[in-house]
Amino acid sequence: MARSRVPRRGAGTARRSANAGSFTLEEVAAAVGGRIAAVRAVRLTGVAPLESAGPADLSWIADERRARDAARSAAAAFLVPDASFAGGRPCVVVPSPPLALAVWLETRRPPERGAAGVARGAHVHRTAKIARGVAIEAGATVAAGARVGARSRLRAGAFVGEDASIGEDCVLGPGVAVLAGCRVGDRCILHAGAVVGSDGFGYVWDGVRHRKIPQVGTVRIEDDVEIGANATIDRATLGETAVGRGTKIDNLVQIGHNVVIGEHSILCGQAGVAGSSRLGRGVTLAGQVGVSDHASIGDGAVLTGQAGIARRGRVPAGAVVSGMPALPHREFLKRAALAGRLEAALERLAALEQAMAKMRKGG
Amino acid sequence: MARSRVPRRGAGTARRSANAGSFTLEEVAAAVGGRIAAVRAVRLTGVAPLESAGPADLSWIADERRARDAARSAAAAFLVPDASFAGGRPCVVVPSPPLALAVWLETRRPPERGAAGVARGAHVHRTAKIARGVAIEAGATVAAGARVGARSRLRAGAFVGEDASIGEDCVLGPGVAVLAGCRVGDRCILHAGAVVGSDGFGYVWDGVRHRKIPQVGTVRIEDDVEIGANATIDRATLGETAVGRGTKIDNLVQIGHNVVIGEHSILCGQAGVAGSSRLGRGVTLAGQVGVSDHASIGDGAVLTGQAGIARRGRVPAGAVVSGMPALPHREFLKRAALAGRLEAALERLAALEQAMAKMRKGG
Amino acid sequence: MARSRVPRRGAGTARRSANAGSFTLEEVAAAVGGRIAAVRAVRLTGVAPLESAGPADLSWIADERRARDAARSAAAAFLVPDASFAGGRPCVVVPSPPLALAVWLETRRPPERGAAGVARGAHVHRTAKIARGVAIEAGATVAAGARVGARSRLRAGAFVGEDASIGEDCVLGPGVAVLAGCRVGDRCILHAGAVVGSDGFGYVWDGVRHRKIPQVGTVRIEDDVEIGANATIDRATLGETAVGRGTKIDNLVQIGHNVVIGEHSILCGQAGVAGSSRLGRGVTLAGQVGVSDHASIGDGAVLTGQAGIARRGRVPAGAVVSGMPALPHREFLKRAALAGRLEAALERLAALEQAMAKMRKGG
């Protein structure tokens, strides 16, 4: 599913926009594996959505609905799924314009690696193992026994705790903390302020106080996982909290201890998953969804925004659920509609009661 | 709208309370542009709400309702909208006591600037441009090509990324990150842990995995914006995410990529706005409100606590909406009340059915 | 209440698991004050839940329901409330297995203190008062006039602001900020990225803009409080925001200015409490609960997941409430069930109306 978002203005102002130097439609076609439909020499300098594209911008037409908008766009050329959508203007035909857009942007702006080496002002313990090509900025910390894999980048203030390990080609943003013993796979991106391995929220009442249950487990983040800014993932009480490969976690998401998340799932902003719950493969939690503890969410299930799953709740594979308490999405919509008819229904009920009373008297 | 909150105790214990040295009612009147009603020499040493004020404290009476509480207060003098509210005790008459309170507190405790200069242990790239009067604390980082405007303050651990720019008279709290290419206006306050410019949450399924759509846009924060602790604002995919001047964003708020927020809006704690949604001027999002993607919230609209706006949802200017799915606030309250009558209604319905059945038999 | 969570796999992989060296059932019994029921020499090397325990692991049986699972467990021995639950296998009888588990894990892995002293690369102001046994890591900051109590530990990037004070035996994780003038008691744990003392969200509209009300109060955190990763607690406008002793706050929780929370309360992940609200003793806020401003929550009250309390709302002591608007939990469940009957009820109503109409014609 595409989560690309298009701006309404000022694309040209984007410092990091793929606008350095100019490029040709041929270069685009070659990079994205597309076919040029309307051949015409165009000199492109940028990439922008239909609404804000200028006469030197490449744009894209996601589907037929957008073809109308394209007709009004000043863009010089388009990525299209069907040549006809471009109305005879220069275009590159590809199976998926959003995918082609992603590929082209990657081509135009490969991620910045940072200068390899340990900067002065970085704090790297002598027992830490730092692979080749690693960039560690001033103010970053790598604690005793920790490992950082080849070509990974630690921005200022990033922290890798005792015996923790970071894979290859990872990026840890400013202030990211991967705490003691936690393991992060290859090609993971942890955005600013993300925390991996904070203690699980585990206590037992001893008659006088909430006594802390030492959280002695860890966290395992598999390959190709992205974790959003200020998101938090707790370590397990025992064993491990696990996030499956390719899963993407948005900003301010909370993952409790011993949670296990399958591969290629999507957790949107401010969603939360409480202790020991399990998410399958390809699950989608929309924004602000709450999954209580010991719940189980089946493969491919979709929980819509703000949905709430109760303790030990079960969501079947492929289901789409909404609301709190969560219902199948259609049922949720139906009940919302029915609630709007309740007032009138109560009046009709009262009218019937009067009619009935009259009839009895009459009879 | 006043969001000032009053403590119930211990105002005197506030280290940073405006309690250094003593002051007179004349000084207060002059500073806030008020008129002294009941003239009497009073020696004031502090400021406190009615409940906790002592005999040397200045307090305030927001409205008539609070006049009763004032009669029981030990305060020495009051800021009042109407002299009669003070019951003959010393007071300064002003149009708005909360506003006068704000002005007086500003007068008594101008914000701390910090010592100008770059502290040892700060990491400032040689290509960064630092204006006069800037204070950069040990452990703060300013990356290549970044700019910091006059008199701005970077606390320990603050990070300003490549080519980012910070305006004049700003404060970046500990651990704040303003990432590559993002622009912050003048007089902005970013509280501890706030992140500006993390990647938008944009992927496209390529048949095998969620492929990252490079987020090559930026964030533009206009003048006089305040951003709460650990709040997160994502950069645009292309173009920019924008927060209008004078808008105030509370702690742990999430702003998605390409969101555009108008001027003087208020986003309360833990509210979230998903990608490409647009908020007008003077919008209020109460705590934990969720606005899904591509939604549009009109000028001056108010979304009450935990309200949820669906994908592509529209809230008209000036509307007050509640609940999920969101409804006009009155309709929301009415439905909640009607739901409480449903059980009895079902019983009445059953009774009618029986009566009807009997009648037919009878007939 | 026990919030301990059990993993489903790989307990043996936990670096910090209590698995260093082997131990005997006698040692366990002595440490937790239990009685060995089925005497047999067992050599234990680890601790794991029933599902993942191996033949050298100690496990626990929380209650009779779990006794069946225990029969299938490979564990070598069990902590049990009743000897019969162990089915004749080696066990230690204790009043509360979760509590005994906590005690044993503490015994096996006392919290790491860190090396006492101020590391090179730490920034400690000359006027700060650092007690004996304190460990301050490189990249941590202690500002002018601040105090840090005996044996407390500041991890990399931790920040203690001007005149703030940290008690004894505290741990401040990476990137924690305790801002100017705030006070933290003894034995408190602040997890990575937690912020104490950010400005309260207080403004007053001056006709042109939201004017900031200077937040000159502080925060007081009492003894034995734990604050989760990236949680935020605002300072008071005047006076103080207060968190009572023994209260546990989970990740990403937001506490507004002038909030007062009683002792031994539990605030789960992503809960939020707005300005000036008061929570009693032993209150439980489940995940994503929202308490609006000036509300009051009685002692021992429980708010279930995503519950919402309105402005100035009152929840009586001991109540269990759910939903938004919040209702007594039973009423909430009843209404959810009744809503499912509404569609059929509307059909019955229509049928009755027809019957009535027919009868009248007929009559």
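The values are calculated or read from the model by the stated rules, or taken from the named source; none is laboratory data. None of the values given here were measured: they were computed from a predicted structure. We place every Cβ from the backbone using ideal geometry, glycine too, and count neighbours over all the protein chains shown. Note: accessible area is taken over every heavy atom of the protein model, side chains too, but ligands, DNA and RNA are not part of it. Shrake-Rupley method; radii C 1.70, N 1.55, O 1.52, S 1.80 Å.
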Practice prompt. Look at the stretch A:260-270 and say how many of its residues are assigned to a loop (DSSP other than H, G, I, E, B), within 13 Å of chain C (Cβ to nearest Cβ) and without any contact (Cβ under 8 Å) to a residue 24 or more places away in the chain.
Written response: 1
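Keeping to the stretch B:132-142, report how many residues are open to solvent by 10 Å² or more (accessible area, probe 1.4 Å) and either among the aliphatic types (A, V, I, L, M) or more than 10 Å from every other protein chain (Cβ to nearest Cβ) (or both). If you could, list the steps in order and put the result at the bottom.
Residues of the stretch B:132-142 open to solvent by 10 Å² or more (accessible area, probe 1.4 Å): B:132-133, B:137-139, B:141.
Subsequent filtering for residues that are either among the aliphatic types (A, V, I, L, M) or more than 10 Å from every other protein chain (Cβ to nearest Cβ) (or both) retains B:132-133, B:138.
Residues in the stretch B:132-142 being open to solvent by 10 Å² or more (accessible area, probe 1.4 Å) and either among the aliphatic types (A, V, I, L, M) or more than 10 Å from every other protein chain (Cβ to nearest Cβ) (or both): 3 in total.
With in contact with a Gly (Cβ under 8 Å, 6 or more places away or on another chain) and assigned to a loop (DSSP other than H, G, I, E, B) as the only criterion, which of B:52, B:73 stands out?
B:52
Among C:245, C:330, C:335, which is the only one that is surrounded by fewer than 24 Cβ atoms within 10 Å (Cβ to Cβ) and assigned to a loop (DSSP other than H, G, I, E, B)?
On the way: C:330 fails: assigned to a loop (DSSP other than H, G, I, E, B); C:335 fails: assigned to a loop (DSSP other than H, G, I, E, B).
It is C:245.
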Worksheet item: Which of the following residues is under 28 Å from the mean Cα position of the chain (by Cα), of a type outside the set (Val, Ile, Thr), within 14 Å of another protein chain (Cβ to nearest Cβ) and surrounded by 15 or more Cβ atoms within 10 Å (Cβ to Cβ): B:57, B:63?
Response: B:57
Worksheet item: Given the structure, is residue A:360 basic (Lys, Arg) and modelled with pLDDT of 95 or more?
Response: no
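From the list B:246, B:217, pick out the single residue that is in contact with a His (Cβ under 6 Å, 6 or more places away or on another chain) and of a type outside the set (Ser, Thr, Tyr). Lay out the reasoning, then the answer.
Values: B:217 fails: in contact with a His (Cβ under 6 Å, 6 or more places away or on another chain).
After applying the criteria, what remains is B:246.
Could you look through the stretch C:186-204, keep only residues that are in a loop (DSSP other than H, G, I, E, B), away from chain B (no Cβ under 12 Å) and open to solvent by 10 Å² or more (accessible area, probe 1.4 Å), and pick out the one that is nearest to residue B:193 (Cα to Cα)? Give the steps one after another, and end with the answer.
So in the stretch C:186-204, the residues in a loop (DSSP other than H, G, I, E, B) come out as C:186-188, C:191-194, C:199-202.
Now restrict to residues that are away from chain B (no Cβ under 12 Å): C:186-188, C:191.
This time we only want the ones that are open to solvent by 10 Å² or more (accessible area, probe 1.4 Å), so: C:186-187, C:191.
Working: C:186: 24, C:187: 24, C:191: 13 Å.
Among residues in the stretch C:186-204 that are in a loop (DSSP other than H, G, I, E, B), away from chain B (no Cβ under 12 Å) and open to solvent by 10 Å² or more (accessible area, probe 1.4 Å), the one nearest to residue B:193 (Cα to Cα) is C:191.
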Worksheet entry | Given (1) more than 9 Å from chain A (Cβ to nearest Cβ); (2) in contact (Cβ under 8 Å) with a residue 40 or more places away in the chain, number of the condition residue B:215 does not satisfy | (1)
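Pick out the one residue from C:347, C:343 that is surrounded by fewer than 17 Cβ atoms within 10 Å (Cβ to Cβ) and more than 9 Å from every other protein chain (Cβ to nearest Cβ).
On the way: C:343 fails: more than 9 Å from every other protein chain (Cβ to nearest Cβ).
Checking each option against the conditions leaves just C:347.
Among what's in the stretch C:109-126 and is at pLDDT 90 or above, in a loop (DSSP other than H, G, I, E, B) and not small (Gly, Ala, Ser), pick the residue that is farthest from residue C:156 (Cα to Cα).
As a first pass, look at the stretch C:109-126 and keep what is at pLDDT 90 or above: C:116-126.
Those still in the list that are in a loop (DSSP other than H, G, I, E, B) too: C:116, C:119-122, C:125-126.
If we keep only those that are not small (Gly, Ala, Ser) too, we end up with C:120, C:125-126.
Details: C:120: 11, C:125: 16, C:126: 19 Å.
My answer is C:126.
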Response to the item:
Across the stretch B:85-108, the tally of residues that are more than 30 Å from the chain's Cα centre (by Cα), among the charged types (D, E, K, R) and part of a helix (DSSP H, G or I) stands at 0
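Checking the structure you have, find out if any residue of the stretch B:144-152 is surrounded by fewer than 21 Cβ atoms within 10 Å (Cβ to Cβ), assigned to a strand (DSSP E or B) and of a type in the set (Lys, Arg).
Kept after step one, since they are surrounded by fewer than 21 Cβ atoms within 10 Å (Cβ to Cβ), are these residues of the stretch B:144-152: B:144-145, B:147, B:150-151.
From what's left, assigned to a strand (DSSP E or B): B:147.
Now narrow it down to the ones that are of a type in the set (Lys, Arg): B:147.
Yes; the residues of the stretch B:144-152 include at least one that is surrounded by fewer than 21 Cβ atoms within 10 Å (Cβ to Cβ), assigned to a strand (DSSP E or B) and of a type in the set (Lys, Arg).
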Item to complete: Residue by residue through the stretch A:221-235, note down the ones that are at the interface with another protein chain (Cβ under 8 Å from one of its Cβ atoms) and not in a loop (DSSP other than H, G, I, E, B).
Response: A:226, A:232, A:234
Fill in: Condition check for residue C:281: charged (D, E, K, R), touching a helix residue (DSSP H, G or I) at 6+ places or on another chain (Cβ under 8 Å) and surrounded by fewer than 24 Cβ atoms within 10 Å (Cβ to Cβ)
no
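Of the residues B:103, B:92, B:118, which single one is in contact with a strand residue (DSSP E or B) (Cβ under 7 Å, 6 or more places away or on another chain), under 23 Å from residue C:217 (Cβ atoms) and hydrophobic (A, V, I, L, M, F, W, C)?
Details: B:103 fails: in contact with a strand residue (DSSP E or B) (Cβ under 7 Å, 6 or more places away or on another chain); B:118 fails: under 23 Å from residue C:217 (Cβ atoms).
When all the criteria are applied, what remains is B:92.
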Response to the item:
Note on residue A:79: of the conditions (1) in contact (Cβ under 8 Å) with a residue 24 or more places away in the chain; (2) more than 14 Å from chain B (Cβ to nearest Cβ); (3) assigned to a strand (DSSP E or B), unmet is (2)
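Being in a loop (DSSP other than H, G, I, E, B), more than 12 Å from chain B (Cβ to nearest Cβ) and free of Cβ contacts under 8 Å to residues at least 40 places away in the same chain is the filter; apply it to the stretch C:156-169 and report the residue that is least open to solvent (accessible area, probe 1.4 Å). So that I can check it myself, show each step before the final result.
So in the stretch C:156-169, the residues in a loop (DSSP other than H, G, I, E, B) come out as C:156-158, C:161-164, C:167-169.
From what's left, more than 12 Å from chain B (Cβ to nearest Cβ): C:167-169.
Narrowing further to those that are free of Cβ contacts under 8 Å to residues at least 40 places away in the same chain: C:168-169.
Details: C:168: 73, C:169: 43 Å².
Here the residue is C:169.
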Discussion item. Please count how many residues of the stretch C:248-278 are under 16 Å from residue C:316 (Cβ atoms) and open to solvent by 10 Å² or more (accessible area, probe 1.4 Å).
Written reply: 2
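Within the stretch A:236-250, which residues are of a type in the set (Gly, Ala, Ser) and either within 7 Å of another protein chain (Cβ to nearest Cβ) or out of contact with any strand residue (DSSP E or B) (no Cβ under 7 Å at 6 or more places or on another chain) (or both)?
First pass over the stretch A:236-250, keeping only residues of a type in the set (Gly, Ala, Ser): A:236, A:239, A:242, A:244, A:246.
Answer for the stretch A:236-250, where residues must be of a type in the set (Gly, Ala, Ser) and either within 7 Å of another protein chain (Cβ to nearest Cβ) or out of contact with any strand residue (DSSP E or B) (no Cβ under 7 Å at 6 or more places or on another chain) (or both): A:236, A:239, A:246.
Of all residues being without any contact (Cβ under 8 Å) to a residue 40 or more places away in the chain and open to solvent by 40 Å² or more (accessible area, probe 1.4 Å) in the stretch A:27-45, which is nearest to residue A:100 (Cα to Cα)? Just the residue, please.
Top of the filtered list is A:30.
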Worksheet item: How many residues does the stretch B:281-331 contain that are facing chain A (nearest Cβ under 10 Å) and hydrophobic (A, V, I, L, M, F, W, C)?
Response: 7
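Regarding the stretch B:170-177, can at least one residue be identified that is among the β-branched types (Val, Ile, Thr) and at the interface with chain A (Cβ under 10 Å from one of its Cβ atoms)?
Residues of the stretch B:170-177 that are among the β-branched types (Val, Ile, Thr), as a first pass: B:171, B:176.
Filter once more, so that each one left must be at the interface with chain A (Cβ under 10 Å from one of its Cβ atoms): B:176.
Yes; the residues of the stretch B:170-177 include at least one that is among the β-branched types (Val, Ile, Thr) and at the interface with chain A (Cβ under 10 Å from one of its Cβ atoms).
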Worksheet, complete the sentence: Being within 20 Å of the chain's Cα centre (by Cα), open to solvent by less than 10 Å² (accessible area, probe 1.4 Å) and in contact (Cβ under 8 Å) with a residue 40 or more places away in the chain narrows B:176, B:225 down to just B:225
Worksheet item: Does residue B:304 satisfy being in contact with a helix residue (DSSP H, G or I) (Cβ under 9 Å, 6 or more places away or on another chain) and of a type in the set (Val, Ile, Thr)?
Response: yes
Worksheet item: Failed condition for residue A:308, given (1) closer than 22 Å to residue B:287 by Cβ; (2) out of contact with any Pro (no Cβ under 8 Å at 6 or more places or on another chain), with all others met?
Response: (2)
